[in-house]
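Data block below; observations after.
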Amino acid sequence: MLTLLIALIAAAVLGYLVWVLVGSILLSSIIGVLVIAGINILSGRLIMKKMSALMAEAEKDLKSERYDMAVEKLTGGYRFSKWQIFVKKQLNANIGSIRYMQKRFDEAFPYLKDSFIKSWMSMCMLAAYYYKKQNYPETFKVMEKAVSANSKEAFPYSLYAWFLSERGEVDRAIKILTRGTAKLPLDGKLSSELEAVKNRKKLKIQNYGALWLQLHLGKTPDGIRPYQIFTANQRVRRR
């Protein structure tokens with residue numbers, strides 16, 4: 001990343017000057033660390049500001065159903081990836097999610113596969129893609145990553161358990177929901193789902209509404225547009 005490279009060079013130069021002028025290795029080292037931290041913080045804030053503006057523009061396009069234009073704008077954000085780590089993966093998560101919600105599943109796949117692991121909805125979509133292809137080992141592998149990296153989000157646990165229970169792996173589903181309730185003891189949905197699975201009942205994952213609908217694993221009601229599902233998901237994530 002260019003930011004880190006610039007920070008290291010600046011820290012080395014300033015640290016050397018301090019060592020030459022003052023003769024203190026300790027002070028030189030402290031100055032170097034502060035320079036690295038300062039440059040990374042300032043650069044991060046600048047990039048995040050630009051990314052937020054980019055996302056806002058893309059969201060306007062989505063609202064007007066200009067999906068290709070939204071994707072084009074998000075793709076333009078790749079230019080920031082050389083400055084900050086994970087920027088490209090975050091953009092891929094958004095692009096992949098848009099294409100998936102349009103039911104352009106094969107087009108969404110490469111973006112989802114290379115998306116940010118902390119973008120739990122894009123991980124769920126990737127798992128759903130594999131599930132549709134009947135590639136169940138990859139489905140479970142992706143969901144394990146999703147719940148491990150997003151342990152405070154309820155939906156990935158529920159979806160993981162649903163995949164398992166649909167494949168007849170009820171005991172594994174119980175273990176996953178038990179993990180979820182341990183991390184989120186006040187989440188009523190996880191608790192009720194755990195009891196349902198223990199009693200060999202079907203998981204009512206449809207209770208998650210738009211989060212479930214955007215995976216296209218069931219029938220999507222008429223009149224539901226990708227943008228409506230996208231904004232519902234954004235509200236949940238900002239909660």
- [ ] Kindly check whether there is at least one residue in region 44-54 that is surrounded by 22 or more Cβ atoms within 10 Å (Cβ to Cβ) and within 18 Å of the chain's Cα centre (by Cα).
- [x] no
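Among what's in region 107-127 and is closer than 13 Å to F155 by Cβ and among the small types (G, A, S), pick the residue that is farthest from the chain's Cα centre (by Cα).
The initial filter retains those residues of region 107-127 that are closer than 13 Å to F155 by Cβ, namely 119-125, 127.
Restricting the remaining residues to those that are among the small types (G, A, S) gives 119, 122, 127.
On the way: S119: 0, S122: 6, A127: 13 Å.
Step by step, filter region 107-127, then rank; the result is A127.
In the list K89, K145, which residue meets the criterion of being surrounded by fewer than 21 Cβ atoms within 10 Å (Cβ to Cβ), assigned to a helix (DSSP H, G or I) and in contact with a helix residue (DSSP H, G or I) (Cβ under 8 Å, 6 or more places away or on another chain)?
After applying the criteria, what remains is K145.
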Open item on the list: Among the numbered criteria (1) closer than 22 Å to M125 by Cβ; (2) part of a helix (DSSP H, G or I), which one does E65 miss?
Closed with: (2)
TODO: State whether the residues of region 101-119 include one that is touching a residue at least 12 places away in the same chain (Cβ under 8 Å), more than 24 Å from S64 (Cβ to Cβ), acidic (D, E) and in a helix (DSSP H, G or I).
DONE: no
- [ ] Being at pLDDT below 95 and under 14 Å from T75 (Cα atoms) is the filter; apply it to region 100-123 and report the residue that is surrounded by the fewest Cβ atoms within 10 Å (Cβ to Cβ).
- [x] D114
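Let's see how each residue does on (1) free of Cβ contacts under 8 Å to residues at least 12 places away in the same chain; (2) within 20 Å of V142 (Cα to Cα); (3) assigned to a helix (DSSP H, G or I):
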{"residue": "A53", "(1), (2), (3)": "yes, no, yes"}
{"residue": "A58", "(1), (2), (3)": "no, no, yes"}
{"residue": "A70", "(1), (2), (3)": "no, no, yes"}
{"residue": "G76", "(1), (2), (3)": "no, no, yes"}
{"residue": "I85", "(1), (2), (3)": "no, no, no"}
{"residue": "I95", "(1), (2), (3)": "no, yes, yes"}
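Return yes or no: is L34 over 19 Å from the mean Cα position of the chain (by Cα), assigned to a helix (DSSP H, G or I), loosely packed, with under 14 Cβ neighbours inside 10 Å and free of Cβ contacts under 8 Å to residues at least 40 places away in the same chain?
When the stated conditions are applied, L34 passes them.
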- [ ] Scan (1) surrounded by fewer than 18 Cβ atoms within 10 Å (Cβ to Cβ); (2) aromatic (F, W, Y); (3) within 22 Å of E57 (Cβ to Cβ) for the single condition Y136 breaks and write down its number.
- [x] (3)
Open item on the list: Please count how many residues of region 173-187 are over 22 Å from the mean Cα position of the chain (by Cα) and touching a residue at least 24 places away in the same chain (Cβ under 8 Å).
Closed with: 2
TODO: Give the residues of region 179-204 that are more than 19 Å from W120 (Cβ to Cβ) and part of a helix (DSSP H, G or I), sorted by residue number.
DONE: G188, S191, S192, L194, E195, A196, V197, K198
- [ ] Could you run through region 120-158 and say how many residues are in contact (Cβ under 8 Å) with a residue 24 or more places away in the chain and either hydroxyl-bearing (S, T, Y) or at positive phi (or both)?
- [x] 8
Task: Number of the exception - Q84 against (1) under 19 Å from L213 (Cα atoms); (2) surrounded by 15 or more Cβ atoms within 10 Å (Cβ to Cβ) - done: (1)
TODO: Could you please tell me which pairs satisfy a Cβ distance under 6 Å, a separation of 6+ or placement on different chains, a first residue in region 205-230 that is part of a loop (DSSP other than H, G, I, E, B), and a second residue that is among the basic types (K, R) and modelled with pLDDT under 90?
DONE: none
TODO: Filter region 66-91 for residues that are over 19 Å from I117 (Cα atoms) and either in contact with a Gly (Cβ under 7 Å, 6 or more places away or on another chain) or at pLDDT 85 or above (or both) and give the result.
DONE: R66, Y67, D68, M69, A70, V71, E72, K73, G76
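The values are calculated or read from the model by the stated rules, or taken from the named source; none is laboratory data. Every value quoted in this text rests on a predicted model; they were computed, and no experiment measured them. Note that we place each Cβ from the backbone using ideal geometry, even for glycine, and neighbour counts take in every protein chain shown.
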